[in-house]
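Accompanying notes for the structure given below.
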Amino acid sequence: MSYPTCTLVTPTYNWPQALELLLLSVTRQTVLPNEVIVADDGSRDDTRALIAELQKTFPVPLIHVWHEDIKNRKPAIMNKAIAKAKYDYIIEVDGDIIMNRYFVQDHLTYSRPGQYLFGSRVTLLKEKLNELYEKKLTHFGFFDANITKRMRTLRMPFFMLFEKQINKRSHKLRGCNMSFWRSDFLAVNGFNESLTGWGQDDSELIERLHNLGIKGRRLKHTGIAYHIYHPEQSKTHVAHNFAIEDETRAKKLTYIEKGIDQYL
């Protein structure tokens, strides 16, 4: 099968243990991305050292895009990273995700013009962290201890025969497991840098894609991702971000002022 060319992009911030497991899971993919870009929101030197070490043997170009740590600026660092992406299709995973070995293959298999894809995640519980880090685990099964939502560990592509495209953002959408065409991303000017702190950056982007006429499709029992436990982030600014997202939806906005065009 012929697949579109793709760039896998992941945001990270001061969590090299999780980033290492994510990048190890990239190396074990049945279909490799053409490149991987780490969008680093100001991590310390231990993250830089990890990436430099992995770059020596990584099977595809591993690119580190960093900016200064000034609180949470995920939309900005993601825009800077995707501005450097060389390939047609963008697969976005959070830096606390470990990918099933078919993850990239699944996203590319079900990619279609005029659509974006989103998947779900299995949760690896706090009690699993020591084993996870010590053994550098990247494979998990239905019967593993200390996981939740274990039905989502089952890869059954047959279910995709029944997944139809959707015309509005699903409440099940999670930015930790998502993919889209770079050209569509540029058409809406990327992530909205008016958003501050945690929350709504991915869903506000998806609202603009829908306003542009791009449809969604859920990855059902494919594109399997495992989410590493961590305490919840501060939601101080979430009301501000919800207001921006509500305006995007109400006014059917497609293009925002503070976006990726600053870096192209």
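The values are calculated or read from the model by the stated rules, or taken from the named source; none is laboratory data. Everything numeric here is computed off the predicted structure, so don't read it as measured data. Every residue, glycine among them, receives a Cβ derived from its backbone with ideal geometry; neighbour counts consider all protein chains shown.
Do you know which residues across the range 1-32 are hydroxyl-bearing (Ser, Thr, Tyr) and surrounded by fewer than 17 Cβ atoms within 10 Å (Cβ to Cβ)?
Selection gives Ser2, Tyr3, Thr5, Thr27, Thr30.
Taking the condition of being among the aromatic types (Phe, Trp, Tyr) and over 17 Å from the mean Cα position of the chain (by Cα), how many residues in the range 211-264 meet it?
Total meeting the criteria: 3.
Any idea how many residues of the range 229-262 are among the β-branched types (Val, Ile, Thr), modelled with pLDDT of 90 or more and not in a loop (DSSP other than H, G, I, E, B)?
Looking only at that region, the number is 2.
Tally up the residues in the range 59-75 that are in contact with an Asp or Glu (Cβ under 6 Å, 6 or more places away or on another chain) and surrounded by fewer than 14 Cβ atoms within 10 Å (Cβ to Cβ), please.
1
Name the single residue that is nearest to the chain's Cα centre (by Cα) among those in the range 22-33 being part of a loop (DSSP other than H, G, I, E, B) and among the polar types (S, T, N, Q).
Here the residue is Gln29.
Hey, Val31 hits all of (1) on the phi > 0 side of the Ramachandran plot; (2) out of contact with any Lys or Arg (no Cβ under 8 Å at 6 or more places or on another chain) but one; which does it fall short on?
If we test Val31 against (1) on the phi > 0 side of the Ramachandran plot; (2) out of contact with any Lys or Arg (no Cβ under 8 Å at 6 or more places or on another chain), just (1) comes out false.
Six or more apart or on different chains, Cβ under 6 Å: which pairs go from a residue in the range 65-88 that's at pLDDT 95 or above to one that's assigned to a helix (DSSP H, G or I) and small (Gly, Ala, Ser)? Could you list them?
Pairs that qualify, where the first residue is at pLDDT 95 or above and the partner is assigned to a helix (DSSP H, G or I) and small (Gly, Ala, Ser), are Val65/Ala81.
Hey, can you tell me all the residues within the range 34-48 that are touching a residue at least 24 places away in the same chain (Cβ under 8 Å) and either under 13 Å from Asn14 (Cβ atoms) or in a loop (DSSP other than H, G, I, E, B) (or both)?
Asn34, Val38, Asp40, Asp41, Gly42, Ser43, Arg44, Asp46, Thr47
Restricted to the range 57-76, and to residues that are outside any loop (DSSP other than H, G, I, E, B), within 23 Å of Gln200 (Cα to Cα) and of a type in the set (A, V, I, L, M, F, W, C), which residue is farthest from the chain's Cα centre (by Cα)?
If we take residues in the range 57-76 being outside any loop (DSSP other than H, G, I, E, B), within 23 Å of Gln200 (Cα to Cα) and of a type in the set (A, V, I, L, M, F, W, C), then Trp66 is farthest from the chain's Cα centre (by Cα).
Per-residue answers, yes or no, for (1) of a type in the set (D, E, K, R); (2) touching a residue at least 60 places away in the same chain (Cβ under 8 Å):
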{"position": "Ile166", "(1), (2)": "no, no"}
{"position": "Ala187", "(1), (2)": "no, yes"}
{"position": "Glu204", "(1), (2)": "yes, no"}
{"position": "Lys258", "(1), (2)": "yes, yes"}
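Give the residues of the range 181-221 that are charged (D, E, K, R), in contact with an Asp or Glu (Cβ under 7 Å, 6 or more places away or on another chain) and farther than 18 Å from Lys252 by Cβ, sorted by residue number.
Answer for the range 181-221, where residues must be charged (D, E, K, R), in contact with an Asp or Glu (Cβ under 7 Å, 6 or more places away or on another chain) and farther than 18 Å from Lys252 by Cβ: Arg182, Arg217, Arg218, Lys220.
Is the range 205-212 home to any residue that is surrounded by fewer than 19 Cβ atoms within 10 Å (Cβ to Cβ), closer than 21 Å to His230 by Cα and not polar (S, T, N, Q)?
No, because not a single residue in the range 205-212 is surrounded by fewer than 19 Cβ atoms within 10 Å (Cβ to Cβ), closer than 21 Å to His230 by Cα and not polar (S, T, N, Q).
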